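The values are calculated or read from the model by the stated rules, or taken from the named source; none is laboratory data. On a predicted model such as this, the values are computed, not experimentally measured, just so you know. Here the Cβ positions follow ideal geometry from the backbone for every residue, glycine too, while neighbour counts run over all protein chains shown.
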Amino acid sequence: MADVLDPYRPRASLIHRADPRVKVVVAVMSILITAALPLGAWPSYVLLLAAVLALSVAAQLGVGFTLKRGLIAVPFALAALPLVFSTPGDALASLRIGPLVLDASLAGVERFASVLAKSYISVQFAILLTATTRFTDMLAAMRALRVPRLLVVIFSLMWRYLFLFAHEAKTLRIARDSRSADVGPKSGGAVAWRARVTGGMVGNLFVRGYERSERVYQAMLARGYDGDIRTFPLKPLASSEYAALAGAVAILALLGLLGILFG
Amino acid sequence: MSGTAVGSSLAAMGRIAGGVGPTGGPQPMHIPDGFLSVPVSLVFWIVAIVVIGYALRRVSRELDERRVPLLAVLAAVIFAGQMLNFSVTGGTSGHLLGATLAAVLLGPWAAMVVMTAVVSIQALVFQDGGILVLGANLFNMAIVGVLVGYGVYQLVSRALGNRRWAVPVSGFVAAWLSIVVAALACALELALSGTSPANIAVPAMGGIHALIGIGEGLITAGALVFVLAARPDLVAPTAKATAGQKALWIGGAALAVVLAVLSPLASAHPDGLEWVAEQQGFLEAARDPLYSIIPDYVFPGISNEALATIVAGVVGTLVVAAVAYLVAQGVRRRATQQ
Amino acid sequence: MERTPLIEISNLSFRYPDGQQALVDVSLTVYEGERVALVGPNGAGKSTLILHLNGIFASQDGHVRVAGLPVAGEHVKQVRALVGLVFQDPDDQLFSPTVFDDVAYGPLYMGLPEDEVRRRVERALAAVGMQGYGDRVPHRLSAGEKKRIALATVLAMEPSVLVLDEPTAGLDPRGRRMLIRLLDSMPQTMIVSTHDLLMVRDLFPRMVILDRGRVVADGPSADLLRDRALLEAHGLELP
């Protein structure tokens, strides 16, 4: 389960070696630009998609990597589906459901497809970031970007124990499933009972977590923890890294501007 | 657009509810990037930063450093707890968000920090929810979810008194409501962004989460019963509520009421059919002279009156809650000085 | 042999907030270079005693001194650098996202400069035979590897005393053998709490039996391990 959870994909690429601060800023900026593009700015969408694919090839992940994983957000697209029918415009097709006729408009389809495309491109930038950046480097980037230190420390400890509790949750689930094979499948009572059992498992995890946190606290104390948060100072960005950052931001800004002006 | 459209859209959202996130559980409430407009995303980022920043300060001021591992480990527990789902029927499954559970066991501020960690890691590492829209997701799950869960739990459990079943029953009600209200907030954000019409998004998200909330409620109640049996000290009711706490419960409950009552209004309003985004979109707003936007609407950039009413309602509730809280604080401070 | 007392425990008693009496009038002196095993049934008070050695539990009644320093108040930080505590479950001990961060944690909190911290991490990892593991993540290590890294996290603080809670618990035979060999190579004064009497026989010349919070026997392991009646009376057994 541990390996399934960690999205980092180690490769010897230039993108993997790039400074996490640069990568985080560029990824966030890409997502921002994507969101700011007008609806139906197809040439810009294509350019951004090409950019993310080129980067994922450069990161030695292959073209399919982000394309496939990017489908993650697809189910949510259904939330935008009504746009097809509710946006006023030239009727494209009619859908007859019983007595009701829904008119799909061209504008509606474009609108829906735009939301979908933006979402698909954005999530690929995020996937590329996490596949090429170790979590510890992400933490360093967060520190550099002034995320509150308390929150960064909590992220760091949480990350460590995520795998442990994911494993414990899995063990509990297997134990439950191996004992509850004969429970009637459909009745409401059985569902409520299953929910209660699941609740018990969550409560169990919670108590274990509480007790573990006390021992972790003792272990931290034993090595000198005093409530203060101490880490190595971050290395300043090299001038070449500044240049790379500036270049990437300039390209993205240009892309955004072009998209906004010309679609 | 009428009944049937709502119906089919409900079914569609049901499938969203069944969509399985990378961490194994269905994650219907995590909005991905692309679904919210830039202005809406930024506004919710600001709200999230202010409120969570305050929660962080409260947590580091009031609680000793022991809390750092506690909050982190429990965030990992909630994350893992969300992976535990139980089958309901036909491939759908119930699962946990955990905001109410965290709020009941840790108090509102610590719970907000825990849920912030959970929701942020889900977005940053697992793409469960987007990055630009993280502010909105934090608002729905770490702020609204926690405050509503906490407020409703406190009010209901006080009303029920010291009965044995008060804890699970209040936990169920609070968890159910917190999910429904968070879903309404989510629907309103989608509507404000012009991604989903309010008259569809609100009943669909609300309806689906009225069902999903039952699972949340049952799991939360089950978890509370377990913790109550294993470590009663962790669920022990606080002896006496301060004025500040009371303001917080009322604020949380009021938030629930406002979102629950005004949301259906939004969808019933005929203007709900109009597309908000056309008027409030980033570019359109920039192209139009400013004065042509402002006078007609309650809120600049929002043409839909019902939506504007809701936004005003939500903002108003937050302001009222904040004022009530500050007044209560002032009263308490004066009381301690005397 | 020079006998400098390193750890002095006098008349220590401890009661948990829930009322459970964990230690009753415990007195124990450990000299520099000694290797002492604390044995006894579960709940005898071994872990509670260990947690007093670097001030995680403050003594309620009685005194604990380490290298002449009382384990209290302003000295606690110094004592924590002197006494390296290895917890039973390495998942409690290893709380950082990478092995390097974990081993660096102690030295960092001792206030050492960055290059010294890095040197110490390297030395500590080498001492437990885990060079090059710095970038690894704890959840992908085997139980034996975790135990060795846990030991490295305290070695990096260069303590005078190593205190280990159940070091061989949960290890497979090979992991256990490796760890025992590793412990044998450590020059520090060493105190372990353990159920592993074979390890006591091979590695710890002195043995202290605790039961229900009291010291019931304290002497050469060779003698005590031969006393079947004593072992049996306190729920112990040499396999």
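Assorted remarks:
- Screening region B:118-133 for residues that are within 15 Å of the chain's Cα centre (by Cα), part of a helix (DSSP H, G or I) and within 10 Å of chain A (Cβ to nearest Cβ) and picking the one that is surrounded by the most Cβ atoms within 10 Å (Cβ to Cβ) gives B:Val118.
- When region C:65-110 is filtered for residues that are in a helix (DSSP H, G or I) and under 21 Å from C:Tyr31 (Cα atoms), the ones remaining, listed by number, are C:His75, C:Val76, C:Gln78, C:Val79, C:Arg80, C:Ala81, C:Leu82.
- Screening the candidates A:Val26, A:Val22, A:Val57 for the property of being out of contact with any strand residue (DSSP E or B) (no Cβ under 9 Å at 6 or more places or on another chain) and free of Cβ contacts under 8 Å to residues at least 24 places away in the same chain yields one hit, A:Val57.
Table: residues versus (1) closer than 22 Å to B:Pro69 by Cα; (2) not assigned by TED's automatic domain parsing to the domain that holds A:Ser213.
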residue: A:Ser94; (1), (2): no, yes
residue: A:Leu129; (1), (2): no, yes
residue: A:Phe135; (1), (2): yes, yes
residue: A:Ile154; (1), (2): yes, no
residue: A:Leu157; (1), (2): yes, no
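- If you go through region C:85-129 and keep only what is crowded, with 19+ Cβ neighbours inside 10 Å, facing chain A (nearest Cβ under 10 Å) and more than 26 Å from A:Met158 (Cβ to Cβ), you end up with nothing.
- Residue that is nearest to the other protein chains (Cβ to nearest Cβ) [pool: residues in region C:35-64 that are in a strand (DSSP E or B) and under 16 Å from C:Met190 (Cβ atoms)]: C:Leu38
- Flag for A:Arg111 being within 7 Å of chain B (Cβ to nearest Cβ), in a helix (DSSP H, G or I) and touching a residue at least 12 places away in the same chain (Cβ under 8 Å): no
- Filtered residue count, region A:1-41, keeping only those that are surrounded by 15 or more Cβ atoms within 10 Å (Cβ to Cβ) and in a helix (DSSP H, G or I): 20
- Count of region C:130-143 residues, restricted to those that are in a helix (DSSP H, G or I), under 20 Å from A:Met158 (Cα atoms) and either in contact with a Cys (Cβ under 7 Å, 6 or more places away or on another chain) or in contact (Cβ under 8 Å) with a residue 12 or more places away in the chain (or both), is 1.
- Only one of B:Leu138, B:Leu97 that is crowded, with 24+ Cβ neighbours inside 10 Å, more than 8 Å from every other protein chain (Cβ to nearest Cβ) and not in a helix (DSSP H, G or I): B:Leu97
- The set of residues in region C:144-182 being aliphatic (A, V, I, L, M) and without any contact (Cβ under 8 Å) to a residue 24 or more places away in the chain consists of C:Ile180 alone.
- Scanning region B:179-217 for residues that are within 14 Å of B:Phe139 (Cα to Cα) and either within 10 Å of chain A (Cβ to nearest Cβ) or without any contact (Cβ under 8 Å) to a residue 40 or more places away in the chain (or both) yields a count of 3.
- Close pairs from region A:196-222: first more than 7 Å from chain B (Cβ to nearest Cβ) and within 17 Å of C:Asp91 (Cα to Cα), partner of a type in the set (S, T, N, Q) and surrounded by fewer than 22 Cβ atoms within 10 Å (Cβ to Cβ), Cβ under 9 Å, at least 6 apart: A:Arg215/C:Gln88
- Test result for A:Thr130, of a type in the set (Ser, Thr, Tyr), within 20 Å of the chain's Cα centre (by Cα), closer than 25 Å to A:Ala36 by Cα and within 8 Å of chain B (Cβ to nearest Cβ): yes
- Test: residue in region B:79-86 that is under 28 Å from A:Ser30 (Cβ atoms), at pLDDT 90 or above and under 20 Å from the mean Cα position of the chain (by Cα): yes
- A residue that is at positive phi and either more than 7 Å from chain B (Cβ to nearest Cβ) or of a type in the set (A, V, I, L, M) (or both) occurs nowhere in region A:229-246.
- Subset of region C:155-210 (residues that are touching a helix residue (DSSP H, G or I) at 6+ places or on another chain (Cβ under 6 Å), part of a loop (DSSP other than H, G, I, E, B) and of a type in the set (A, V, I, L, M, F, W, C)): C:Ala156, C:Met157, C:Leu171, C:Phe204
- Members of region B:100-114 that are in contact (Cβ under 8 Å) with a residue 40 or more places away in the chain and assigned to a helix (DSSP H, G or I): B:Thr100, B:Leu101, B:Ala102, B:Ala103, B:Val104, B:Leu105, B:Pro108, B:Trp109, B:Ala110, B:Met112, B:Val113, B:Val114
- Pairs linking a residue in region B:38-63 that is assigned to a helix (DSSP H, G or I) to a residue that is crowded, with 17+ Cβ neighbours inside 10 Å and polar (S, T, N, Q), with Cβ atoms under 6 Å and 6 or more positions apart or on different chains, are B:Val40/B:Ser193; B:Ile52/B:Thr116.
- Looking only at region C:183-235, and only at residues there that are surrounded by 13 or more Cβ atoms within 10 Å (Cβ to Cβ) and hydroxyl-bearing (Ser, Thr, Tyr), the one that is farthest from C:Leu125 (Cα to Cα): C:Ser221
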